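Right, one structure below, let's go through it.
The values are calculated or read from the model by the stated rules, or taken from the named source; none is laboratory data. Predicted model only: the values in this text are computed from it and were never measured. Because the Cβ atoms are built from the backbone with ideal geometry, glycine has one as well, and the counts that use them run over all protein chains shown. SASA here: full protein model, heavy atoms, side chains in, ligands and nucleic acids out. Shrake-Rupley method; radii C 1.70, N 1.55, O 1.52, S 1.80 Å.
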Amino acid sequence: MVYNNPWFAGYELTTPEVKELVDDGTIQSIKAAHGDVDRVHKLKYYCGDDLTVFYGHDYAAMEALLAGADGWLSGFPGVLPKQCRAIQDACVAKDVDAAIAAQNKLQPYIDCSFHDEVNGVPHWQEICKYTLPAQGLDVGVPRKPLGDLDDANKKKIEKLLADMG
């Protein structure tokens, strides 16, 4: 498996480059962490069943799964497995209405994680990390330089979790 994460690697493997790696037997799977659903579609179109594609971001997994991703490998499934599994199961079943409903339940959490920050605070990793103890699983605080969420953001996460059911 190749972990294609241009945000951290500084380089985006192109679909032709991935296909070449598949065709010469170097890789059989990819974590496509760029977030662009069109990339998932192109990889599946050009590589077919010779490449297992895992969508590797949190905000458009429904679309990626409906576009042909074989799975979802990112932060949210690790902290919200029930909610993420509902999206994946609906997509695999090709039940678009159920997938949209499951996505809609998760959308406020997505917005909180990626769009509600001010000057980078809170960091999405702090949100993910606090999501676990808010569900009864004590995992400690994030590694430095990150830290624990403030009380206002903790309450926000707890309300989002309650609303998700």
Rounded to 5, percent antiparallel among DSSP beta bridges of the chain: 10
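What FRET efficiency, computed as 1/(1 + (r/R0)^6) with R0 = 41 Å and r the Cβ-Cβ distance, is obtained for Asp95 and Gln125, rounded to the nearest 0.05? Spell out each step's value before the answer.
Numbers: r = 32 Å, r/R0 = 0.77.
E(calc), rounded to 0.05, equals 0.80.
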Sparse-neighbourhood loop sites, chymotrypsin sites (Phe, Trp or Tyr not before Pro) in the range 1-92 - DSSP loop, at most 15 other Cβ within 10 angstrom: Tyr11
Portion, in percent, of the accessible area of the chain that falls on carbon or sulfur, probe 1.4 Å: 54
Per residue value of the accessible surface for the range 29-165 (all protein chains in place, 1.4 Å probe), Å²: 52
Extreme residue, positive dipole direction of the range 1-142, given options Tyr59, Ile127, Asn5 (C-beta unit charges): Ile127
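Distances over 21 Å make up what percent of all Cα-Cα pairs in the chain?
Numbers: 6829 of 13530 pairs.
The answer is 50 percent, as a whole percent.
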The chain: angle of helix 81-92 to the longest principal axis, Cα-based, in degrees nearest 10: 30
Sorted peptide list for 124-134, 138-148, criterion being average Cβ within 10 angstrom, highest first: 124-134, 138-148
